[in-house]
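*Asks:* Encoded as structure tokens, here's the structure I'll be asking about.
The values are calculated or read from the model by the stated rules, or taken from the named source; none is laboratory data. Here the structure is a predicted model, which is why all the values come from computation and not from measurement. As a convention, Cβ positions derive from the backbone with ideal geometry for all residues, glycine included, and neighbour counts pool all protein chains shown.
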Amino acid sequence: MRTDNTEWLPAWEDPDAPARRPATAPAGTPPPPKAPRAHPWRRRAVIAGISLLSLIVLFVGAGYVYYRWRFAQIHKQHITGLAPDSGTLNVLLVGSDSRANIENNTAFNDKSNPVTGQRSDTIMVLHADTKQKKAMILSIPRDLYVPIAGTNGSNRVNTAFDSGAQRLVDTIQSDFGIKINHYVQVDFVGFQAIVNSVGGVDIYVPAPARDKLSGLNIKTAGCAHLDGFQALAWARSRHFEELEGGRWQSDPTGDLGRIQRQQDFIRRMLRKALATRNPIKVNELIGDGIKNVTIDQGMSSSDILRLAGKFRSLNADTVDMATLPTSPFTTRIGGLTADVLRLKQPDAQPLIDRI
């Protein structure tokens with residue numbers, strides 16, 4: 001007999017009970033009816049299953065509520081004339097050069113000529129084919145000389161952003177015939193924060209590299225680990241130099257070389273972000289992103305979830321990167337001589353037609 005307070009179980013249910021020999025019944029005595037055999041493992045499995053299902057439901061519900069709460073924190077920009085969503089999606093991605101609250105801001109400003117306001121430092125169109133589950137990023141050089149929508153003149157395409165996102169969207173759509181469905185803008189602070197959230201990004205340099213104006217300073221050749229500050233300096237570098245034969249050599253490709261470095265960096269950062277599985281890191285990445293990102297008012301939380309679902313298995317290495325072909329020429333802007341770029345046709349048209 002048990003002397004503790006443990007609930008008594010019959011031997012067939014108590015795993016700790018010693019095996020019992022069946023009693024021998026007197027001859028001629030009919031066998032007693034069999035006791036209904038219990039299946040505690042089934043009961044426990046059912047209970048565990050119900051509990052797990054309940055937890056999943058609670059988790060999914062809490063996750064959705066949390067997601068909606070996070071989404072509500074994203075700054076929205078009112079933009080008209082956006083194309084309705086269809087089987088393909090074109091998102092205008094803009095990197096603003098606003099210096100507000102930037103880390104190590106002094107590295108990005110010449111004190112004798114301080115920079116104020118904001119311009120579009122980077123202009124890209126993300127083309128997402130949700131049916132084929134393919135993605136392409138088309139870079140538009142900021143020095144491309146085009147007619148600016150709503151004005152009577154032409155200028156560098158990035159100056160359209162001086163008057164706001166609406167004019168830039170209108171300019172892209174009218175000059176290139178590219179339908180824009182949505183708009184996403186990230187500033188320098190957001191870029192730095194996102195890079196830091198993924199733990200930095202590794203790049204390869206064949207030689208020491210620097211840019212005195214952007215703050216880039218990579219002292220040794222080989223693999224370099226870039227934090228948010230150095231990553232921004234790398235992505236923004238327009239006066240890129242490499243140490244060759246003991247002398248610093250300027251990159252002759254200018255803004256086009258800068259675009260190539262940006263595209264390579266985006267692929268590397270995307271690869272690392274997609275590989276992030278730690279929920280704490282994912283939350284940090286989301287938090288840093290939404291604080292410094294602006295989207296158009298027509299982009300809903302459902303749109304983002306649906307797009308994420310379509311591209312949940314996206315391989316960063318399969319994202320096609322391209323740049324609008326251009327040729328250099330000289331013109332006058334504001335009474336001054338300016339070196340700019342113009343669209344190179346017919347070379348550019350096949351790329352435009354793809355999106």
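*Asks:* Do we find that L351 is touching a residue at least 12 places away in the same chain (Cβ under 8 Å), on the phi < 0 side of the Ramachandran plot and within 19 Å of the chain's Cα centre (by Cα) in this structure?
*Replies:* Working: touching a residue at least 12 places away in the same chain (Cβ under 8 Å): yes; on the phi < 0 side of the Ramachandran plot: yes; within 19 Å of the chain's Cα centre (by Cα): no.
So L351 does not fit the description; no.
*Asks:* Taking T330 as the residue in question, decide whether it is of a type outside the set (A, V, I, L, M, F, W, C), more than 30 Å from A273 (Cβ to Cβ) and modelled with pLDDT of 95 or more. Break it down stepwise before answering.
*Replies:* Values: of a type outside the set (A, V, I, L, M, F, W, C): yes; more than 30 Å from A273 (Cβ to Cβ): yes; modelled with pLDDT of 95 or more: yes.
Taking the combined requirement at face value, the residue satisfies it.
*Asks:* Pairs under 8 Å by beta carbon, first residue closer than 17 Å to R306 by Cβ in segment 121-149, partner part of a strand (DSSP E or B) and charged (D, E, K, R), six or more apart or different chains?
*Replies:* Hits for this filter: A128/K134; K134/D320; A135/D129; A135/D320.
*Asks:* When you look at Q263, is it free of Cβ contacts under 8 Å to residues at least 24 places away in the same chain and either surrounded by fewer than 19 Cβ atoms within 10 Å (Cβ to Cβ) or assigned to a helix (DSSP H, G or I) (or both), yes or no? Please lay out each step first, then the result.
*Replies:* On the way: free of Cβ contacts under 8 Å to residues at least 24 places away in the same chain: no; either surrounded by fewer than 19 Cβ atoms within 10 Å (Cβ to Cβ) or assigned to a helix (DSSP H, G or I) (or both): yes.
When the stated conditions are applied, Q263 does not pass them.
*Asks:* Say we look at segment 229-259 and pick out the residues that are touching a strand residue (DSSP E or B) at 6+ places or on another chain (Cβ under 6 Å) and among the aromatic types (F, W, Y); which of these is nearest to T122 (Cα to Cα)?
*Replies:* W234
*Asks:* Next question. So which strands (runs of 3 or more DSSP E) are wholly in segment 266-355 and hold at least 1 residues that are out of contact with any His (no Cβ under 8 Å at 6 or more places or on another chain) and surrounded by 15 or more Cβ atoms within 10 Å (Cβ to Cβ)? Can you show your working first?
*Replies:* Numbers: elements: 293-296, 320-323, 326-333, 336-343.
Where strands (runs of 3 or more DSSP E) fall fully within segment 266-355 and carry at least 1 residues being out of contact with any His (no Cβ under 8 Å at 6 or more places or on another chain) and surrounded by 15 or more Cβ atoms within 10 Å (Cβ to Cβ), they are 320-323, 326-333, 336-343.
*Asks:* Ok, one more. Confirm whether V195 is out of contact with any helix residue (DSSP H, G or I) (no Cβ under 6 Å at 6 or more places or on another chain), within 30 Å of L274 (Cα to Cα) and of a type in the set (A, V, I, L, M). Can you show your working first?
*Replies:* Values: out of contact with any helix residue (DSSP H, G or I) (no Cβ under 6 Å at 6 or more places or on another chain): no; within 30 Å of L274 (Cα to Cα): yes; of a type in the set (A, V, I, L, M): yes.
The answer is no for V195.
*Asks:* Then there's this: For segment 217-235, enumerate the residues that are touching a residue at least 24 places away in the same chain (Cβ under 8 Å) and over 16 Å from R268 (Cβ atoms). Walk me through it before giving the result.
*Replies:* Taking segment 217-235 and keeping what is touching a residue at least 24 places away in the same chain (Cβ under 8 Å), we get 225-229, 231-235.
Selection gives F229 alone.
*Asks:* Look at segment 73-89 and say how many of its residues are in a strand (DSSP E or B) and closer than 24 Å to I355 by Cα.
*Replies:* Keep residues of segment 73-89 that are in a strand (DSSP E or B), which gives 75-77, 88-89.
Right, trim to closer than 24 Å to I355 by Cα and you get 77, 88-89.
Within segment 73-89, residues that are in a strand (DSSP E or B) and closer than 24 Å to I355 by Cα number 3.
*Asks:* I want to confirm something. Restricting to segment 69-111 and keeping residues that are among the hydroxyl-bearing types (S, T, Y) and at pLDDT below 75, which single residue is farthest from D303 (Cα to Cα)?
*Replies:* Just the residues of segment 69-111 that are among the hydroxyl-bearing types (S, T, Y), to begin with: 80, 86, 88, 96, 98, 106.
Now narrow it down to the ones that are at pLDDT below 75: 98, 106.
Working: S98: 28, T106: 39 Å.
Checking each candidate, the answer is T106.
*Asks:* Considering only segment 199-210, state which residues are surrounded by fewer than 22 Cβ atoms within 10 Å (Cβ to Cβ) and within 23 Å of M124 (Cα to Cα). Steps first, answer last, please.
*Replies:* Start the filter on segment 199-210 by keeping residues that are surrounded by fewer than 22 Cβ atoms within 10 Å (Cβ to Cβ), which leaves 199-200, 202-208, 210.
Answer for segment 199-210, where residues must be surrounded by fewer than 22 Cβ atoms within 10 Å (Cβ to Cβ) and within 23 Å of M124 (Cα to Cα): G200, D202, I203.
*Asks:* Just checking, does segment 196-204 include any residue being touching an Asp or Glu at 6+ places or on another chain (Cβ under 6 Å), modelled with pLDDT of 95 or more, within 27 Å of P252 (Cα to Cα) and not polar (S, T, N, Q)?
*Replies:* No - not one qualifying residue is present in segment 196-204.
Condition check ((1) more than 16 Å from the chain's Cα centre (by Cα); (2) at pLDDT below 90; (3) of a type outside the set (D, E, K, R)) across all residues:
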site	(1), (2), (3)
G228	no, no, yes
F240	yes, no, yes
D251	yes, no, no
G254	yes, yes, yes
R258	yes, no, no
R268	no, no, no
N283	no, yes, yes
I286	no, yes, yes
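*Asks:* Considering E241, E284, which residue is without any contact (Cβ under 8 Å) to a residue 60 or more places away in the chain and either closer than 26 Å to D211 by Cβ or among the acidic types (D, E) (or both)?
*Replies:* Details: E284 fails: without any contact (Cβ under 8 Å) to a residue 60 or more places away in the chain.
The conditions single out E241.
*Asks:* Name every residue in segment 170-180 that is in contact with a helix residue (DSSP H, G or I) (Cβ under 9 Å, 6 or more places away or on another chain) and under 22 Å from L307 (Cβ atoms), in order of residue number.
*Replies:* Initially, segment 170-180 is screened for residues in contact with a helix residue (DSSP H, G or I) (Cβ under 9 Å, 6 or more places away or on another chain), giving 170-172, 175-180.
Correct list: I172, I178, K179, I180.
*Asks:* I need a count of the residues in segment 178-215 that are among the hydroxyl-bearing types (S, T, Y) and within 18 Å of the chain's Cα centre (by Cα).
*Replies:* At the first step, the residues of segment 178-215 found to be among the hydroxyl-bearing types (S, T, Y) are 183, 197, 204, 214.
Add one more test, that the residue is within 18 Å of the chain's Cα centre (by Cα), and what stays is 183, 197.
Looking only at that region, the number is 2.
*Asks:* Take Q173 and tell me if it is closer than 30 Å to D129 by Cβ, touching a strand residue (DSSP E or B) at 6+ places or on another chain (Cβ under 8 Å) and in contact (Cβ under 8 Å) with a residue 60 or more places away in the chain. Spell out the reasoning first.
*Replies:* Values: closer than 30 Å to D129 by Cβ: yes; touching a strand residue (DSSP E or B) at 6+ places or on another chain (Cβ under 8 Å): no; in contact (Cβ under 8 Å) with a residue 60 or more places away in the chain: yes.
No, not satisfied.
*Asks:* Kindly indicate whether G254 is on the phi > 0 side of the Ramachandran plot and either surrounded by 14 or more Cβ atoms within 10 Å (Cβ to Cβ) or hydroxyl-bearing (S, T, Y) (or both). Outline the logic, then answer.
*Replies:* Details: on the phi > 0 side of the Ramachandran plot: yes; either surrounded by 14 or more Cβ atoms within 10 Å (Cβ to Cβ) or hydroxyl-bearing (S, T, Y) (or both): yes.
Yes, satisfied.
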